[in-house]
Amino acid sequence: MQFDFTDKVVLITGGTRGIGKQLADDFKEFGADLILTGTNHNKISELNNDGFAKYLCVDFSNRESVMEFTSELRKCNKIDVCVNNAGINRIDYFCDIKEQDWDDIMCVNLKAPFIVSQIVAKLMKENGYGRIVNISSIAGIISREKRCAYTSSKAGLIGLTRSMAIELAPYGILVNSVSPGFTWTDMTRTSVTKEEVEVLTSRVPLGRFANTDEISKVVLFLASELNTYIIGQNITVDGGHVSL
């Protein structure tokens, strides 16, 4: 049986690059009508001319930007699938974390999924159907130095997922999270040295980083009608890293 999102409206935050872009391409391939968010005004304006999707610009660390975005989101008649994918990370030792960095990470990685899901869940309740997938991280399960703020936000997102799932299940809304491990994205290629790749790869039983399509396949299943009984779960897609 193949994925089919024909006539389904799919919202993906952070849908213009990395895992989000892969998700957008794959959902589109299977017939979805897309609403995607990004942070670059000029890029969003340009993308809205290509007919691929409806693009909305939002900076989830900026209150005014979030208010403008949620105002647009409330105009939607239906959203069948929501993938909370937008995320940021700022690396620093615990004792040196700036309060502003902490607040920004929490706003984008945890508060944004909360706010977006509240709006989307109301629409899904009215329609008696919905799928919400939160993109967390293996950092929400295990951690390493300089990742305190990021780990806290992603662990919180897993907890939010479980709580949402319990409350929304009676309305036909299935909520889960996916936690990618080390994944090849444009950001990874430009920010991680060859030596760092070798060290990180050595910690993965499969011996390599994930490709973005390997993350997307799991999200597609959880978001599809093929998933009828999985709720409140955090699916780790990491080549076995957290099992070591």
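Taken together, the values in this text are just the output of simple stated rules run on the coordinates, not laboratory data. Quantities reported herein were computed from a predicted structural model and do not represent experimental measurements. Glycine gets a Cβ as well: all are built from the backbone with ideal geometry, and neighbour counts include every protein chain shown.
Among the residues making up the range 140-152, those that are touching a helix residue (DSSP H, G or I) at 6+ places or on another chain (Cβ under 7 Å) and either in contact (Cβ under 8 Å) with a residue 24 or more places away in the chain or part of a strand (DSSP E or B) (or both) are GLY140, ILE141, ILE142, ARG147, CYS148, ALA149, TYR150. Just one residue in the set ASP92, ASP101 is over 23 Å from SER224 (Cα atoms), among the acidic types (Asp, Glu) and not in a helix (DSSP H, G or I); that residue is ASP92. Under the condition of being in a loop (DSSP other than H, G, I, E, B) and either free of Cβ contacts under 8 Å to residues at least 24 places away in the same chain or among the hydrophobic types (A, V, I, L, M, F, W, C) (or both), the residues counted in the range 172-218 number 7. Among the residues making up the range 205-233, those that are touching a helix residue (DSSP H, G or I) at 6+ places or on another chain (Cβ under 7 Å), more than 23 Å from LYS21 (Cβ to Cβ) and either surrounded by 13 or more Cβ atoms within 10 Å (Cβ to Cβ) or β-branched (Val, Ile, Thr) (or both) are ILE230, ILE231, GLY232. Strands (runs of 3 or more DSSP E) fully within the range 1-89 that include at least 1 residues being in contact with a His (Cβ under 8 Å, 6 or more places away or on another chain) and among the hydrophobic types (A, V, I, L, M, F, W, C): 54-57. Taking the range 1-15 as the range and being over 15 Å from SER216 (Cβ atoms) and surrounded by fewer than 24 Cβ atoms within 10 Å (Cβ to Cβ) as the test, the residues that pass are MET1, ASP4, THR6, ASP7, LYS8, VAL9. How many residues are surrounded by 17 or more Cβ atoms within 10 Å (Cβ to Cβ) and touching a Phe, Trp or Tyr at 6+ places or on another chain (Cβ under 6 Å) when one looks only at the range 35-55? Looking only at that region, the number is 3. I'd like the full set of residues that are within 18 Å of the chain's Cα centre (by Cα) and outside any strand (DSSP E or B), limited to the range 231-244. ILE231, GLY232, GLN233, ASP238, listed by residue number. Note on the range 128-151: among residues that are within 16 Å of the chain's Cα centre (by Cα) and polar (S, T, N, Q), the one that is surrounded by the fewest Cβ atoms within 10 Å (Cβ to Cβ) is THR151.
Set side by side, the residues ALA155, ALA169 differ, and just one is touching a helix residue (DSSP H, G or I) at 6+ places or on another chain (Cβ under 8 Å) and in a helix (DSSP H, G or I), which is ALA155.
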